[in-house]
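Asker: Supplied in structure tokens, the structure appears directly below.
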Amino acid sequence: MEKIVSLCKRRGFIFQSSEIYGGLNGLWDYGPLGVELKRNLKNYWWRAMVHERDDVVGMDGSILTNRAVWKASGHEDTFSDPMVDCRVCKARLRADQVIEKKGVRQCPNCGSKDLTDSRPFNLMFKTYVGATEDESSLTYLRPETAQSIFTQFKNILEVSRKKLPFGIAQIGKAFRNEINPRNFTFRSREFEQMELEYFCRAEEGMKWLDYWLEERLKFYQNIGISREKLHAREVPENERAFYSKGTHDIEYDFPFGRQELEGVAYRTDYDLSQHQKASGKSLEYFDEETKQKFIPHVVEPSAGVDRTVLALICSAYAEDQAPDEKGKMETRVVLRFHPRMAPIKCAVFPLLRNKEPLVAKAKQIVDLLRSHMSVFYDESGAIGRRYRRQDEIGTPFCVTVDFETFGEKQAQLRDTVTLRERDSMKQERVKISDLLELLLVRIA
Ligand code: ATP
């Protein structure tokens, strides 16, 4: 994990937030490559969950909402983790982090047995809307994106004219004042979620729960996470929210252990019923065929952007052997991202930086590709070193313009370039006129 954290910083994927001031625990900034990776993930989720389906529409809700939302949803009263304080080292611990030896509770930091009883700690960040700071202006930063989908259910149903079953998808920031943020970005205090609320009839809830679990497992494989590292865990009844009739956690084998990436939960009609009751506004669905009115049930696949980005980086990280400039084998660090997720799809190099025609041709190729994919131009250092730099950030393809491109020795090689593939390190000669098409197929 240390190697991954250091690569993320060194190459500009993820930095500690406000680092120059000593940082702030549980908060992270994404650098130039991290933001591309994150966007690729969110765009692909949106494509798979919204654009490629007829039964899902999207929305983008506000982060701050009327406090009544959080009262009705139950978050104000119950969105908490049990917390324990160590009286000796003053550590604040999540109750499940306390070690128990021979039935005696111990602090994992200092080993002290002098611990407080556990008490609930609400994870929502408070803030005030407007100029007065009192109870009447109090609200919270949303701890999940789902609630605005429920509160907008009726509006979206009307404008989209969808029939059951149908879903509403949203990607956005969520905030939780985690007692103990840890494992790099895995448990952060500010993060992004990708959530779908899929509304259906009560009798079909369990069917859609199974369906979405399978769809979501396929999604992770389509972004390059191998099935062997993914696990679907059926959450037992005593761990589930009281209103859920079935929940599966999709877990991933991180270097620090098997941990949740996504929850797929059948939430029944709990949320819509709560908001209908609290707001006094009907959130019912009218079935034109049976002429019945009822509150739909909902299945929710809820994924974390940041956790998935971390899983993508962990999955991609590899070290292998590759020849250096003189043919001697050396260790190569490579991020084997699926080309679909890779922050940069293609790097373009002139063989030599001081040969004007090579440079001009390489820049022409950059212009040819730029409007279709993220490209990177590099002319500094030996070619082998430039390949290594791209391997380390997971660029799947590199194009080199050399003297053959001008047909200096073999006329039939005129207007061709070397295309080098990251994982196999194989090089092929391709026509510049075929390059765009060829790359587009491979990164789709
Ligand atoms: P955990 O048990 O790990 O705290 P959770 O069960 O509370 O997670 P959910 O409320 O189901 O999480 O949220 C859905 C998804 O949002 C999670 O699967 C995860 O990917 C993401 N998520 C939740 N909390 C965090 C966090 N503190 N940092 C990063 N991602 C998070």
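Asker: With charges only on Cβ, +1 for K and R and -1 for D and E, what is the dipole size of segment 191-265 about its Cα centre, in debye, rounded to 20?
Answerer: Numbers: 10 positive and 17 negative charges, 31 e Å.
The calculation lands at about 140 debye.
Asker: On a C-alpha basis, how far is the centre of segment 378-428 from the centre of segment 170-187 in Å? Whole number, if you could?
Answerer: After rounding, the separation between the Cα centres reads 40 Å.
Asker: Let me ask something additional. Can you grab the distance from the C-alpha centre of segment 110-161 to the C-alpha centre of segment 10-76, Å, no decimals?
Answerer: When both Cα centres are located, 16 Å separates them.
Asker: Kindly identify segment 284-401 as rounded, prolate or oblate by the Cα gyration tensor criterion: order the square roots of the eigenvalues as a ≥ b ≥ c, call it rounded if a/c is under 1.5, otherwise compare a/b with b/c, prolate if a/b is larger, else oblate.
Answerer: It is oblate, given that a/c is not under 1.5 and a/b is not larger than b/c.
Asker: For A411 and K71, calculate 0.36 nm times their separation in residues minus their Cα-Cα distance, and state this gained length in nm to one decimal.
Answerer: Length gained, A411 through K71: 114.9 nm.
Asker: Can you tell me the orientation of helix 356-370 relative to the chain, as the angle in degrees between its alpha-carbon axis and the longest Cα principal axis, to the nearest 10?
Answerer: Rounded to the nearest ten degrees, it is 30.
Asker: In addition: With the dipole of segment 82-154 worked out from charges on the C-beta (+1 for Lys and Arg, -1 for Asp and Glu) around the Cα centre, which of S137, M124, T151 lies farthest toward the positive end?
Answerer: Sorting the options by dipole projection puts first M124.
Asker: On to the next question. Ordered by residue, what ³J(HN,Hα) values in Hz, to whole numbers, does segment 142-147 give under the Karplus form 6.51 cos²θ - 1.76 cosθ + 1.60, where θ = phi - 60° and Gly and Pro are x?
Answerer: Each residue's phi maps through the Karplus curve to give 4, x, 7, 8, 4, 4 Hz.
Asker: Any idea which of G394, S374, L438 is furthest toward the positive side of the dipole for segment 344-443, if Lys and Arg beta-carbons carry +1 and Asp and Glu beta-carbons -1?
Answerer: Among G394, S374, L438, the one farthest towards the positive end of the dipole of segment 344-443 is G394.
Asker: Apply the Karplus parameterisation 6.51 cos²θ - 1.76 cosθ + 1.60, with θ equal to phi minus 60°, to every residue of segment 311-323 and state each ³J(HN,Hα) to the nearest whole Hz, in sequence, with x for glycine and proline.
Answerer: Working through the residues one at a time gives 5, 5, 5, 4, 5, 7, 5, 8, 10, 9, 10, 9, x Hz.
Asker: Taking the Cα centre of each part, how many Å lie between segment 253-320 and segment 326-348?
Answerer: 35
Asker: Related question: Which percent, nearest 5, of DSSP beta bridges in segment 344-443 are antiparallel?
Answerer: Around 55 percent antiparallel, to the nearest 5.
Asker: Near the amide H of G167, under 5 Å away, which other amide H atoms are found, from residues 5 or more places off or on another chain, if H is placed in the peptide plane?
Answerer: Amide H to amide H, under 5 Å and 5 or more residues apart or across chains, G167 pairs with V56, V57, F199.
Asker: For segment 52-64, just list the computed ³J(HN,Hα) in residue order, Karplus coefficients 6.51, -1.76 and 1.60, θ = phi - 60°, integers in Hz, with x standing in for Gly and Pro.
Answerer: 8, 10, 8, 9, 9, 10, x, 8, 9, x, 7, 6, 9
Asker: Here is a follow-up. Let me spell out the model: positive unit charges on the Cβ of Lys and Arg, negative unit charges on the Cβ of Asp and Glu, origin at the Cα centre of segment 344-443. What dipole size does that give, in debye rounded to 20?
Answerer: That gives a dipole near 160 debye.
Asker: Which residue fluctuates the most in the chain, going by a Gaussian network model with Cα springs under 10 Å, if the choices are K102, K71, K431?
Answerer: Comparing K102, K71, K431 in a Gaussian network model of the chain, the most mobile one is K102.
Asker: Right, another one. Given R₀ = 51 Å, what would the calculated FRET efficiency be for F294 paired with K126, taking r from the Cβ atoms and rounding to 0.05?
Answerer: It comes out at approximately 0.90.
Asker: Let me ask another. Where Rh denotes the Kirkwood radius from the mean inverse Cα pair distance, what is Rg over Rh for the chain?
Answerer: Taking Rg over the Kirkwood Rh, I get 1.04.
Asker: Amide H neighbours of Y377 under 5 Å, at least 5 residues apart or on other chains, H built in the peptide plane: list them.
Answerer: Amide H to amide H, under 5 Å and 5 or more residues apart or across chains, Y377 pairs with V348.
Asker: Relative contact order, percent, of segment 1-135 when contacts are C-alpha pairs under 8 Å separated by at least 6 residues?
Answerer: Once normalised by length, the contact order is 14 percent.
Asker: Let a ≥ b ≥ c be the square roots of the eigenvalues of the Cα gyration tensor of segment 344-443; is it rounded (a/c under 1.5), or, if not, prolate (a/b larger than b/c) or oblate?
Answerer: Rounded.
Asker: Looking at the chain, which Cys residues are left with no other cysteine's beta carbon under 4.7 Å from theirs?
Answerer: C8, C200, C314, C346, C398 - these cysteines have no disulfide-compatible partner (Cβ-Cβ under 4.7 Å) in the chain.
Asker: Which entries in K162/K218; K71/K229; K126/K218; K173/K229; K229/K328 show an alpha-carbon gap greater than 29 Å?
Answerer: K71/K229; K126/K218; K229/K328
Asker: Expressed as an acute angle from 0 to 90° and rounded to the nearest 10, what is the orientation of the C-alpha long axis of helix 32-46 relative to the principal long axis of the chain?
Answerer: The helix 32-46 is inclined about 60 degrees to the chain.
Asker: Okay, moving on. With a Förster radius of 25 Å, plug the Cβ-Cβ distance of S433 and K355 into 1/(1 + (r/R0)^6) and report the FRET value to the nearest 0.05.
Answerer: 0.65
Asker: Let's see if you can work this out: charge +1 on each Lys and Arg Cβ, -1 on each Asp and Glu Cβ, no other charges. What is the dipole magnitude of the chain about its Cα centre, in debye to the nearest 20?
Answerer: In debye, rounded to 20, the chain gives about 1060.
Asker: If a/c stays under 1.5 just call it rounded; otherwise compare a/b with b/c (prolate if a/b is bigger, oblate if not). Do that for segment 341-402, with a ≥ b ≥ c from the square roots of the Cα gyration tensor eigenvalues. Walk me through the numbers on the way to the answer.
Answerer: Working: a/c = 2.86, a/b = 1.21, b/c = 2.36.
Here segment 341-402 falls in the oblate category.
Asker: Sequence-distant or interchain residues sharing an amide H contact under 5 Å with T127, placed H: which?
Answerer: For T127, the qualifying residues are T139, Y140, L141.
Every number in this text was worked out from the coordinates using simple rules, so none of it is lab data. Please read all numbers here as calculations on a predicted model, not as lab measurements. Methodologically, a virtual Cβ is constructed for each residue, glycine included, from the backbone with ideal geometry; neighbour enumeration extends over all protein chains shown.
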